[in-house]
Amino acid sequence: MNSATDNPIVLPDRDDIISAGNFHGEYPAKALDYLAIGIHELASISQCRLERLLNPALSDLPAFLVDDGGLNSGFMLAHCTAAALVSENKVLCHPSSIDSIPTSAATEDHVSMGGWSARKALTVVEHVEQVLAIELLASCQALDIQRPSETTAPLEAVHSLVRNQVKSWTKDRIMYPDIETATKLLQEEKVWKTVEPFMKDYFTHQETDFSLTSTSTHCGDLTTGETVDGQLTLAAKRHKSNN
């Protein structure tokens, strides 16, 4: 942890300059490789949810979330796009930090490949955003199909946000503008900002409920004046006397 990566290292208090080549990028390279692997899981799980949403045998919804299945393909090709992005991510998640190619006449004989770790990690993040955007569109379409039934308030708010930008799918149309719009909603954190107030309210109530439960547990049964702590102490004494 207490190391330097500059080259040369200038030590003014010692009036010294050391050219030691302390610039190895293996540590950030490994961190970025792990980042790619971790973030990829979001897309992998999202793609599985898409399958369950679009498959009528699993969802009890119209196949690929569209009417007139013989004439319209609905979200079928969007699902193929998501699957292709997830498949590409599997290749990009191969760690580049495990590789090393000597360069500079073998003076750089163990290199981190950290630059490629960063580039492919960024690509994986972009793919994940697109897969999540496709799932977001499909989820909103599923809600449209099930109207007039409603879902929870946070999800209804997200649905309204999306529908202000992307209209419902009634028949086949070019989908990439919709995917780009939904991706932008995620990138600009508009979806997060929509649900954040609901989450804060939820956790506030959770903390309040926990506080009340803790107080009640500590106080015990006020009608008898016996606390839970007292009950546990009494039980421990009985166990000791029995033994």
If you stretched the chain out fully between Asp15 and Arg52, how much longer would it get, using 0.36 nm times the residue separation minus the C-alpha to C-alpha distance? 6.6 nm
On a C-alpha basis, how far is the centre of region 77-92 from the centre of region 125-171 in Å? Whole number, if you could? 20 Å
A student applying the Cα gyration tensor rule (rounded when a/c is under 1.5; otherwise prolate if a/b is larger than b/c, oblate if not) would label region 1-155 prolate
Charge tally in the Cβ shell below 13 Å around Pro102, where Lys, Arg are +1 and Asp, Glu are -1, Pro102 excluded: -3
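All of the numbers you see were taken from the coordinates with simple rules; none came from a lab. Keep in mind it's a predicted model, so treat the numbers as computed, not measured. As a convention, Cβ positions derive from the backbone with ideal geometry for all residues, glycine included, and neighbour counts pool all protein chains shown.
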